[in-house]
Amino acid sequence: MGRPVPVIPRRFLFETSLGVRLMFCGRFKCAPKWSIPPEKIPAALISFFFLEKNGCWATVNGIRTALRQGDLKVSRGGDILSMGHDPARPITALSVSLAVEQGVIPNILLQRKFARRYRIKDPVQYRKRFDAILQALQSPVAVREWKITGAVLQFLALILEETAAPLSAQVMMDEGTVDRILIAQTWANARLGSPLSLEQWARAVNWHPVHFDRVFKQQTGVTPMRWLNERRMQAARQFLSGTSKTVAEIAEELGYRDPFYFSRVFRRHFGQSPRQCRKQGMEFGSGTEYVE
């Protein structure tokens, strides 16, 4: 047998099918009292209102709450919203209304159980991500769509880190087959660092494991566990090329309690060890497969 011969890889480094729709994004000073009728915001949108300066009150669907500087208020299309503050202490707020479409789901953010109010732990980073959207909106036409989409997704990544909003179990039970598979994938992607069994995964979308395994393969072409392993390997490759984490740290990050087992899985998947991958770099920008 000769030395392994590199061939063009058939696996993608990353794959997504997200459609970003941005209705409003701006930093503004609010009037002492104002309101938004429910028909003014489409039902598929979600809004994030961050209080940058001073405090105010907000009434959403008849429930009034006090907001302090550094608080984040979450509202959805169709909410009945009014707000106000002390005229002697005017507020400045960062507000964005948007939707992220995936497949036939008009806004995957609405599948999350967001609380009405959060305390942002890193307001400096929040402002930085928000301002990046405003800057992207001023980009030249040739790159504007790419810049805005990238900035919005970076902003939403911070939102999900700050809020840790879980997926709604009721939404998962109500969706059709294709939608439920998309939800199952989202659910698993958020738990790549946890050991997951087929039973746990099927229960998360309210299906029997045997039925879940069969339908998942029908819709995606692979079994759920193979799909999960593929995502973990993709994430491992990104960690190796983009961070200084050790192999043991990456294994732990991706739910492998035994780094030696993780290395064996990685070698079987890519034809080289994690250390070889990091040392040599990933040829063609996306992993290397080998044939004898």
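Each value in this text was obtained by applying a stated rule to the coordinates, not by laboratory testing. This is a predicted model, so every value here is computed, not measured. Cβ placement follows ideal geometry from the backbone for every residue including glycine, while neighbour counts extend to all protein chains displayed.
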Exercise for review: Taking H placed 1.01 Å from N in the peptide plane, check which residues at least 5 places from residue 45 or on another chain put their amide H under 5 Å from its amide H.
Suggested key: 77
Practice item. Enumerate the whole-percent occupancy of each 10 Å bin, from 0 to the last occupied one, for all C-alpha pair distances of the range 170-291. Key: 13, 41, 29, 16, 2
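Which value, in debye to the nearest 20, describes the size of the charge dipole of the range 18-163 about its Cα centre when Lys and Arg Cβ atoms bear +1, Asp and Glu Cβ atoms bear -1, and nothing else is charged?
Here the size comes out at about 340 debye.
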Revision key, fill the gap. In whole Hz, the Karplus estimates of ³J(HN,Hα) for the range 132-142 (6.51, -1.76, 1.60; θ = phi - 60°; x where Gly or Pro) are 5, 5, 4, 5, 5, 5, 9, 5, x, 4, 4
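In square nanometres, what is one fourth of the surface area of the convex hull spanned by the alpha carbons of the range 18-163?
Convex hull of Cα atoms, orientation-averaged projection: 8.7 nm².
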Check your understanding: Stretch residue 160-residue 267 to full length: gain in nm at 0.36 nm per residue minus the Cα-Cα span?
Key -> 35.3 nm
Check your understanding: Can you list the residues, at least 5 places off or on another chain, whose amide H is less than 5 Å from the amide H of residue 107, using H built in the peptide plane?
Key -> 102
Study note, to complete from the structure: One finds, for residue 117 and residue 35 with R0 = 25 angstrom and r their Cβ-Cβ distance, a FRET efficiency to the nearest 0.05 of 0.85
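Fully extended, how many nm does the chain gain between residue 257 and residue 63 (0.36 nm per residue separation, minus their Cα-Cα distance)? The partial results should precede the final answer.
Numbers: separation 194, 0.36 × 194 = 69.84 nm, distance 4.54 nm.
My answer for the length gained is 65.3 nm.
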